[in-house]
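Scroll down for the structure; my scribbles are underneath it.
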Amino acid sequence: ASLAVLQYFMTPLLLSPGFLATLLSNLLYAAALSYYHYTQFLGYNALPFLEHTELFLYPIGVIAVVLPFTILTGFNPTRFVLSIYFGS
């Protein structure tokens, strides 16, 4: 929910053309997705009958590896998601 709230208030900045908007949008989405996977890990880790719950942390590593490429290619996740929600 915090991603939606921050994105709502930062939409004019995140949709503007330029490197700063792309950087902020990517960082916002990377933080939100990493936080999601971390909280899932904490929840499953609390269950005593599950083993190897550290596997739920692996997507955070993938996010960290993919993040520089999305920034360098100029991919703006805010533009992408809002285009899916509201059309182009």
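The values are calculated or read from the model by the stated rules, or taken from the named source; none is laboratory data. Computed from a predicted structure; not experimentally measured. Every residue, glycine among them, receives a Cβ derived from its backbone with ideal geometry; neighbour counts consider all protein chains shown. These accessible areas exclude ligands, DNA and RNA; they are computed on the full protein's heavy atoms, side chains included. Shrake-Rupley method; radii C 1.70, N 1.55, O 1.52, S 1.80 Å.
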Top-ranked residue of the stretch 33-78 - restricted to ones that are among the polar types (S, T, N, Q) and farther than 22 Å from Leu13 by Cβ, ranked as least open to solvent (accessible area, probe 1.4 Å): Thr53
In the stretch 79-88, residues that are surrounded by 11 or more Cβ atoms within 10 Å (Cβ to Cβ) and of a type in the set (Phe, Trp, Tyr) total 1
Would you confirm, using the coordinates I've provided, whether Phe19 is more than 13 Å from the chain's Cα centre (by Cα), open to solvent by 60 Å² or more (accessible area, probe 1.4 Å) and modelled with pLDDT under 95? no
Within the stretch 3-37, the count of residues that are touching a Phe, Trp or Tyr at 6+ places or on another chain (Cβ under 8 Å) and not β-branched (Val, Ile, Thr) comes to 3
